[in-house]
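The values are calculated or read from the model by the stated rules, or taken from the named source; none is laboratory data. Computed from a predicted structure; not experimentally measured. We place every Cβ from the backbone using ideal geometry, glycine too, and count neighbours over all the protein chains shown.
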Amino acid sequence: MGLSLYRRNFARRHFIVVGLISAAAGISTAGGAATAGLKSRTFKTKTILVLGDSLSAEYGLKRGSGWVALLEQKLKTEKNPAVVVNASISGDTTSGGRSRLAALLETHQPSHVIIELGGNDALRGLALERSQENLTQMTQTAQKAGARVLLLGMQVPPNYGKDYAAHFSAVFAEVAQRNKAALVPFLLKGIADQADSLKLFQADRIHPKEEAHPIILANVWPELQKILK
């Protein structure tokens, strides 16, 4: 199936899903979900909730060396009093994140939510349609709660096939665009796309080494900084 036909077919299904969600929540699908909460809530202290998988949970690293810990250090250096809550779990999928998000929003009441999920969906061969639905639901749920959302996009290796790789990458951009969320197109830019990329990965060739995590933060920070303002 060509990418344009895939998108047209999915768009029809996506419209139905969003329509049902919006009807149940009593909001408009014409951008209301993206802004309704932001207009009604103010935060004395900014709280950044990171909802991710092993890439954010310091898998195979010593504690305090992953990009989320580096983000906390960065905020202190910038004299930004924002609090970071790392709710990442190794092996988590978009379905897992979706099931956990409501409780996390209620507990931490974040002003910002960073969603770093989807890579494990691809590794397990889960349907892209379901991944996009989950990312959409998480984004809208966080926005309805008053949080600004940053999606961290991923890509898959070429051996997954050109069409699948293109579709997978497009999921993050499409969710961000439809819901007016911020986006980092590729979290591992400057790491996985290098000719000698293996030197920046652990032995499993999936998880970046400690020295790669400052690069990850450098990819995240410019977009996060924009919505922190």
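Here are some notes:
- Residue within region 111-119 that is over 18 Å from PRO185 (Cα atoms) and surrounded by fewer than 21 Cβ atoms within 10 Å (Cβ to Cβ) present: no
- All of (1) over 11 Å from ASP53 (Cβ atoms); (2) aliphatic (A, V, I, L, M); (3) in contact with a Gly (Cβ under 6 Å, 6 or more places away or on another chain) hold for ALA102 with one exception: (3).
- From the list ARG205, ARG148, the one residue that fits, being at pLDDT below 95 and basic (Lys, Arg), is ARG205.
- Selection status of SER131, touching a residue at least 12 places away in the same chain (Cβ under 8 Å), more than 22 Å from PRO222 (Cα to Cα) and in contact with a Gly (Cβ under 8 Å, 6 or more places away or on another chain): yes
- Restricting region 166-187 to residues that are in contact (Cβ under 8 Å) with a residue 60 or more places away in the chain and of a type in the set (A, V, I, L, M), the residue that is farthest from LEU123 (Cα to Cα): ALA181
- Here LEU123 fulfils each of the conditions (1) at pLDDT 95 or above; (2) surrounded by fewer than 18 Cβ atoms within 10 Å (Cβ to Cβ); (3) among the aliphatic types (A, V, I, L, M) apart from (1).
- Taken together, the criteria exclude LEU198 from residues that are under 23 Å from TYR59 (Cβ atoms) and crowded, with 17+ Cβ neighbours inside 10 Å.
- Subset of region 76-95 (residues that are touching a residue at least 12 places away in the same chain (Cβ under 8 Å) and part of a helix (DSSP H, G or I)): THR94, SER95
- When the residues of region 51-70 are filtered to those that are touching a strand residue (DSSP E or B) at 6+ places or on another chain (Cβ under 6 Å) and of a type in the set (Gly, Ala, Ser), the one that is farthest from THR141 (Cα to Cα) is SER56.
- If you go through region 63-72 and keep only what is touching a helix residue (DSSP H, G or I) at 6+ places or on another chain (Cβ under 7 Å) and assigned to a loop (DSSP other than H, G, I, E, B), you end up with SER65, GLY66.
- Matching entry among ARG98, ARG41, ARG63 (being modelled with pLDDT under 95 and out of contact with any Asp or Glu (no Cβ under 8 Å at 6 or more places or on another chain)): ARG41
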